[in-house]
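Scroll down for the structure; my scribbles are underneath it.
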Amino acid sequence: MATTASLLLSPDILKDARRRERRVAWRQTRTAWLFIAPAVVMVGVFLLLPVLVNVILSFTKWQKFTGLDKFAGFSNYQRLFAVPYFSEALYNTAFWVVGAIVLPLAVALTLALLLRNIAFQETFKSLYFLPKVLAPTAVGAVWYYVYAPHGVINSIVAGVTGHPFDFGWIYDDNTVTPSVIVTFVWQTVGITMVLLLLGLAAIPKDPIEAARVDGASSGQIFRHIVWPLLLPTVLVVTILNVAAGFTTFDLLWVMASDYPGKRTLSLAVYMYYESFSNGGWAYGSAIAVVLGIMVIAVSAALAWLQSRVEKSIR
Amino acid sequence: MPVDLSNPAFVQKLIAEERHRTRPPGRWILLPIILVTIAYLIPFYYLFVTVFKTTPEYAQKGVLELPSSLAPFIDNVVQAWTIAHLDQAGFSSFTYALCSGALAVAIAAAAAFGMTRLNLIGANGWFMVIFTGTLFPFQMYLVPLLFGYQRLGIINTWLGMLLLYTAVCIPFPLLVLRNSFSGISREIDEAARIEGASEWRVFISMILPNARGPLIALFLLQFTFIWNDLLFSSILANGIGVRSVMVALQSLQGTYSTLGPNVVITATLISSVPTVLLFIILRKYFMAGLQLGTK
Amino acid sequence: MSFFKTMTAAGLAAATLFSVGIAMAADLSLYSDKTPWDAGMTAAADIASKASGQTIKLQDITPSDKYQAFMQTSIASNNVPAFFTWWNGQQLNDLVATGAAADLSTYWDQAIKDGNFSAGQKDLVSVNGKPYGVLLNVANWVVFYNTKAFEKAGIAAPPKTWDELMADCDKLKAAGYVPFNAPASGGWMPFIWFSQLVLGTNPDAFVGLTSNKTPYNGPEVHKAFQIWGDMYKKGYFTDPREQDDSKFFANNSAAMFLIGDWHSGQFATMGMKPGVDFKTFLMPSVTPDVPQSVIVEASPIVVSKAALDANPDLGKAVAALMSPDVSNALGSTVQVYNGNLKGTPPNDIIKADNELVAAAKPRALVRWWEAVPSQIQGDLVAQMGSFMLNPSPDNAEKVMTQMQQINADYWASK
C-alpha cells in the first residue's frame, strides 16, 4: 500500500494516492449511510422520537379530552409525589425488582448446579426453557386458574389437608404480588438456568482441581473459585431480569385483573391505568418518565459493574 | 494430609477422590430434580387436563382430575376459535411476526454491515444512537405512539403495527450482528471488492451466508417476541381484524366472559402452538440465540 | 432465498397493506365497546347504511377502558368516528364540552312528533336541554329472581317492602339458596349494591354523592355500609371473586340478581326462559318512608359533528337509528330495548318491567356510574370492590375514608 509506494514514488504521486484513498473512504462512508439509513430512520422515528414526545407531554395538562396545548410545568411530577398511589406502586415495583433479580437466580443456580453433569441434560434444559417461549399473556391466563379460589393450588392443599381451602391468592393484599412473582420465576427460571449452565461450562477446570487437591470443600470451592468466575454471567442474567422486573405488565394485567387494587401493583401498570383507563395522559407520561429514569439508572449501574468485574477477571 | 506426591497413600487417596468425583451422579441426585421438575410441570398438566373437559364437567370435577373423554376438545377449540376470532388474530399476528421479524433482521444486518465492513465515520456513535432505542421501557412509547398514530390515521391498521414491530426489533439484532460480522475475516470482502463487486453484492453474497446461524436465531427470537406481544397491539391495533393473537386471548378474560375456564385454556393452548412448534423444531437455533445475547 | 428479494417482497406487501388500510378508512364507522351486542349493532348499522346510501361498518373495541382511551385520543387528534357508543350523565357532559358531538335536536323533534320517542327520553341524552345522542339501550335496574327458587322457599309473591325482602332472604337460605348473586367482577359491578343501598335509604343523598354534596364517609353512607355488611354477615351474597357474573344465577345456586334488565338476553342464551324460569320485581326502598325509585340506564349512540356537517346524507342514517326498524332489529338479535315506543319489547321481561315502571311511577335516577366524574370513577369502584372482598366494619371505615379522600381531592383540584 502507501508505505511501499512511498519508497518508490515522488511526493506528488503520493499526495494523489492519499487523496484518492480519502475519496474512496468518503465514498464508502456514503454507501455505509445507505446501509444504516433504514435502521436509523426506523429507530429514530418509532423509538427515539416518542421518548422525546413523552417527556414533553409530561409537562402539559392533557387530561381526557383537553389540555394538550396547556403548559403545566412540574405540576404532574408534584402530583406524583403527593399521591399515595404512586408510593404504593413504587414500593411494589421495588419488591418486583428485588424478587426478579434474586429469586430466578437462586432457583436457577441450584438447578444448574444439580443438572450440571446429569444425563438427559438437553431434555431438562428444553423442558425448563419452554415457558420462556410462551407469551406472558398465555402464562398469566393459565396461572390465573392455578391461583383461583377453586384452582389448582387450593385443590392440592385441600387434598393434602383434607379440608376445603379457598384462599384468594390473587385477591388478598399480602399475597397478590408474591403470587405473580412466583409465576414470573416459573417463566424465567429456564432461560436463567441455561445461561448459568453456559457460564459454568466456561469455568476452567484446573483451579478447581488444584483446590480439591489442596483439600478444599465444595462450599469453599464454590465461594472462592466458581462464584467469582460466574459473576459476569450472573450480572448478564441480572441485567436481563431487572428490566423485566421494572416493566412487567402482561402478567400483572392478566392475573390480577379482578384485584381491586391492581393499579398500584407496579409502576408499569400504574402508568397504563392512569393513561388509558383514567385518561390522565400527561400524568401517565410523567410516570413513564420516572420509570424510564429508574430503569436506565439501574441498568447503567449494572453494566458498569459488569465491565468492572470482567476487567478484574482478566 | 500434606501434598506429597511421593507418598503412595496420598496418591491413592487422590485417585480415589478423582474416581469418586468423575463418576456420574448417582440416583440420589436425580430424585430432587425429578420432584422439582414435576412441581414445575403441574401447570402444563392442568392445561392438558382442562382442554378436554366441558364447562359443566370443569365446574363439577376437581381441577386436577382427568377428563372423562377426549371429545370435548373439538368443541372447546371451535368455541375459542370463533368467540375470540382467533383465525383473524392468528393471521394478523403471523403476518406481523413473519414480516416485521424478517424485515427487522434484514435492516439490522444492513446496518451492521455498514458499521463494520465499510469505513463509516463515527460508527460507534451511530451504533449508540440506535442502541438507545432499547434502553427505554416500552411504557415511554405508548402514549406518544397512540396519539401520533391517531393523527396519521394508521391506528388499527396492519401498516401501523408492521412499522412499529420492525422498529422495536431492530436494536437487539443489530447488537448481535455487529459482533458477529466483526468476526468474519476481512479477506473475503477485500477479495470481492478487488474483483469489482459493489458493496451490495459483497453484503448479499459474501457476508450474509457466513452469518446464517445468527440470522436465523435472531429471526426466531424476534418472531417469538412479536407473536407474544400484548402491550403494543392492545393500544395501537385493537380492532378485530388487526389485533394480535394475545389481545384476542385477553379479550376472553374480559367482563362479558361467560365462557368456562376450559375454553379460555384451550384458547391459550391454540395461541401458543406456533411458538412452541418453532421451539421444538428449531431448538438448536433458539439456544444459539441465547448465547448471542450474552456476548 | 435472496435477501434482496425478501426485502422487495416485504416492501410490496407493506405498500399493499397501506393501500388497503387507506381504503378501509374511507368507510364510515360505528364504534362500540359493547361486544355482546355486536349482532344487533351490525343490524342497526346495515339499516342505517341502506337509509343513507353510505356504508357504515361496526368496529369493536373492548374492554371499555380501552375504548375510552381510543375515543379520547381520537377527539384530541380530530379524528372522531362518525358514530360511536357512549354513556350519558357526566360522561356525556365531558364529551359535549369538547364540541365533538353533533346536536341532534331536529332529529329528536321529528322522532317525538312521529311518536317514536318521548320528551322524557330525550332528557336522558340531553346536555343543557339539547340532545346529543340517539338511544341505543334504555334499561331499568330491577331484581331478577329464579321462579323455582321462590317456589321452593315458599314465597308466593315478590316482596314489596324491605322487611319482606329480608324475610324472603332467610326463607331462601333455609331452602338452600344463596339469596343474591353479587359478583365484584368487570371493574364496575361493585358499585351496584353500594348505590342501591344509598338510594334506598336516602335518594337525595344518593344524588348528592356525585355532586360533592354528600360525603362518602357521611352518616348516609355509613348507614348503607352498615346494612351491606350486615347482609354479608347473614350470608346473603355469593362469593364476589367469581369472574363469571351470571354463573351462580344460571346454575340455580343464587336466587336473585340485581342488574339491568338488558341482562335478560344473556340469561336467555344460557338456557333460562324469560318470564318462565325467571321474572323481575322492583327493589323496594330500604326505609319505608322513602318513595320508590328506580335506576335507569340509558346508553346513547353519539354522532360526530364533523362527520354530520361534512356529509348531510348521514342525517338519514340518524333518522333511521330512531326508527322502529332498528329498535326491532336490536330486540330480535340481542334482546336489547332502545326505548322506541313503537318498537316491540324484545321479551316478556322487558315488557313487564316497562309496565311495572309505568304503574309504580317511581322516581327515575341516573346511574351512579354515569353521574360520577370519570376521573375518580375507577378508583371509587375499586374501593367498593375491596369492601366486598372483606366486608368487615373496620374495612368499611377504611374504605369510606379513602373514598371521601379521593372525592375531596378531585373536587378540590377543579
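The values are calculated or read from the model by the stated rules, or taken from the named source; none is laboratory data. Since the structure is predicted, the reported quantities are computational estimates derived from the model, not experimental observations. Note that each Cβ is placed from the backbone with ideal geometry, even for glycine, and that neighbours are counted across all protein chains shown.
Here are C:295, C:350: which of them is under 30 Å from residue C:207 (Cα atoms), part of a helix (DSSP H, G or I), touching a helix residue (DSSP H, G or I) at 6+ places or on another chain (Cβ under 8 Å) and modelled with pLDDT under 90?
The unique qualifying residue is C:350.
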Which residues, taken from segment A:249-274, are modelled with pLDDT under 90 and not in a helix (DSSP H, G or I)? A:256, A:257, A:258, A:259, A:260, A:261
Which of the residues that make up segment B:181-199 are within 12 Å of chain A (Cβ to nearest Cβ) and touching a helix residue (DSSP H, G or I) at 6+ places or on another chain (Cβ under 7 Å)? B:181, B:189, B:193, B:199
Pairs with Cβ under 8 Å, 6+ apart, first in segment B:71-89 and at positive phi, second hydrophobic (A, V, I, L, M, F, W, C): B:85/B:240; B:85/B:248
Consider residue C:73 carefully, then state whether it is within 12 Å of another protein chain (Cβ to nearest Cβ), in contact with a Leu (Cβ under 9 Å, 6 or more places away or on another chain), surrounded by 21 or more Cβ atoms within 10 Å (Cβ to Cβ) and not aliphatic (A, V, I, L, M). yes
Out of the residues in segment C:84-103 meeting the condition of being farther than 27 Å from residue B:232 by Cβ and away from chain A (no Cβ under 13 Å), tell me which one is surrounded by the most Cβ atoms within 10 Å (Cβ to Cβ). C:88
Looking at segment C:196-247, which of its residues are more than 14 Å from chain A (Cβ to nearest Cβ), of a type in the set (D, E, K, R) and not in a helix (DSSP H, G or I)? C:213, C:234
Taking segment A:200-223 and the residues there that are surrounded by 13 or more Cβ atoms within 10 Å (Cβ to Cβ) and within 29 Å of the chain's Cα centre (by Cα), the one that is farthest from residue B:14 (Cα to Cα) would be A:200
Close pairs (7 angstrom Cβ cut-off, 6 or more residues apart or separate chains): within 13 Å of chain A (Cβ to nearest Cβ) and surrounded by 19 or more Cβ atoms within 10 Å (Cβ to Cβ) in segment C:52-66, among the hydroxyl-bearing types (Ser, Thr, Tyr) and assigned to a strand (DSSP E or B) anywhere: C:61/C:31
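Quickly run through segment C:36-51 and pick out the residues that are among the hydrophobic types (A, V, I, L, M, F, W, C) and away from every other protein chain (no Cβ under 14 Å).
C:43, C:44, C:45, C:47, C:48, C:51, listed by residue number.
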Residue satisfying all of: in segment C:45-99; among the aromatic types (Phe, Trp, Tyr) and in a helix (DSSP H, G or I); farthest from the chain's Cα centre (by Cα) among these: C:70
Restricting the search to segment A:156-188, which residues are of a type in the set (S, T, N, Q), assigned to a helix (DSSP H, G or I) and modelled with pLDDT of 90 or more? A:177, A:179, A:183, A:187, A:188
Mind telling me which of the residues B:96, B:45 ends up being touching a residue at least 40 places away in the same chain (Cβ under 8 Å), within 11 Å of another protein chain (Cβ to nearest Cβ) and either closer than 23 Å to residue B:271 by Cα or over 21 Å from the mean Cα position of the chain (by Cα) (or both)? B:96
Please go through segment B:135-167 and give me each residue that is more than 7 Å from chain A (Cβ to nearest Cβ), in contact (Cβ under 8 Å) with a residue 40 or more places away in the chain and under 22 Å from residue B:102 (Cβ atoms), ordered by number. B:157, B:158, B:160, B:161, B:162, B:165
Give the residues of segment C:141-195 that are assigned to a loop (DSSP other than H, G, I, E, B) and among the aliphatic types (A, V, I, L, M), sorted by residue number. C:153, C:155, C:156, C:157, C:175, C:182, C:184, C:189
Take the residues in segment C:359-377 that are in a helix (DSSP H, G or I) and over 15 Å from the mean Cα position of the chain (by Cα), then tell me which one is nearest to residue A:166 (Cα to Cα). C:376
Of B:242, B:247, B:273, B:202, the only residue that is buried (at least 23 other Cβ atoms within 10 Å of the Cβ) and within 11 Å of chain A (Cβ to nearest Cβ) is B:247
Among the residues of segment C:266-285, are any within 19 Å of residue C:85 (Cα to Cα), in contact with a Phe, Trp or Tyr (Cβ under 9 Å, 6 or more places away or on another chain) and not aliphatic (A, V, I, L, M)? no
Could you pull out every one of the helices (runs of 4 or more DSSP H) wholly within segment B:186-295 that has 1 or more residues that are among the hydrophobic types (A, V, I, L, M, F, W, C) and modelled with pLDDT of 80 or more? B:212-227, B:231-236, B:245-251, B:261-281
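Looking at residue C:176, is it under 27 Å from residue C:243 (Cβ atoms), surrounded by fewer than 19 Cβ atoms within 10 Å (Cβ to Cβ) and more than 14 Å from chain B (Cβ to nearest Cβ)?
Here the answer is yes, as residue C:176 does meet what is asked.
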Is at least one residue of segment B:89-102 part of a helix (DSSP H, G or I) and touching a Lys or Arg at 6+ places or on another chain (Cβ under 8 Å)? yes
